[in-house]
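Comments concern the structure below.
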Amino acid sequence: MSMASHVSLQLARFDGLRRVEPIAEPVLGDALFHGIGADARASGGVPESREAFNFVVLGLHDSADAAQRFLTSSPGLVPWLGDAVERWNAILEPFRHHGTANHLNPDEPGPLFDTFVPPPAPDEPIVVMTSVGYRLGPGFDPARADAFSEGVMAVRASMTAVSGLHSQQSFSFSGNREVDGVTVTTWASFDAMRAWAYGMGTHRILLDRHRGEGMADRTSFTRLRIVRSDGTWYGAEPEHWVS
């Protein structure tokens, strides 16, 4: 199985509720994985609705060139993103990754990346992605999954006014949890992210609870450097992200 070395990330924001629309044409072989996710929870809905204000088009690729070709093809693949009031497109490289997800192989979840770049400078803007997944079928406990989701929303609420946090989102790729959902946070600096991640608070409580109770069957986190980007997210380019 090929492992990814780069991420293509497209964030889109609408001023009214939209529903996820399917890929409009066949996807290039450049994408080891591609998915359109909706931040349904933040719109007051549930993942099954596939409705949101904010969306992500996430791609995993084995080279920066493949990631760029995927971004270049997006107007044909996802034409409805052109209606967004704001968009930010980026190519990202991982500098740390831990855990497993089912994005590369639904039947055998595993790590997503095996190539890493050096950590960024302390004041460099970064993106962090986490994922959560479950073994579906007999024995699946939706209440357990819902409890984890509620914990994620509690963490998101607690992140209000966190120094250096530019934005926070959680995306569902499918209403039935077949594809592992992800969170995406954008940070003004590596130092700000690190100070929050290792500090006390709701995030630490949820981590400790998950370790003690096994609230999910698999999780992962990935810290990513921004190789190149265009557009803005919540009114700013990465070099101008602030808390």
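The values are calculated or read from the model by the stated rules, or taken from the named source; none is laboratory data. Note that the structure is predicted; figures quoted are calculated from it, not measured. Note: ideal-geometry Cβ built from the backbone for every residue, glycine included; neighbour counts use all protein chains shown. Surface areas here come from the heavy atoms of the whole protein model, side chains and all, with no ligands, DNA or RNA. Shrake-Rupley method; radii C 1.70, N 1.55, O 1.52, S 1.80 Å.
At a glance:
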item	result
Rounded accessible area of residue 95 (nearest 10 Å², 1.4 Å probe)	30 Å²
Per residue, in Å², the accessible surface of region 42-128 once ligands and nucleic acids are set aside, probe 1.4 Å	42 Å²
Anisotropy class of region 57-142 from Cα gyration tensor, a/c 1.5 cut	oblate
Most mobile listed residue (133, 44, 181) in the chain, GNM with C-alpha springs under 10 Å	44
Apportionment of accessible area to carbon and sulfur, the chain, percent (1.4 Å)	52 percent
Size of charge dipole - the chain - debye, nearest 20, with Cβ of Lys, Arg +1 and Asp, Glu -1, no other charges	480 debye
Net charge dipole size for region 97-235 [Lys, Arg +1 and Asp, Glu -1 on Cβ; Debye, nearest 20]	240 debye
At 1.567 mPa s and 4 °C, Stokes D of the chain from Kirkwood alpha-carbon radius, µm² per second	71 µm²/s
Region 98-200 shape via C-alpha gyration tensor axes, a/c threshold 1.5	oblate
Global form of region 1-136, assessed from the alpha-carbon gyration tensor, a/c cut-off 1.5	rounded
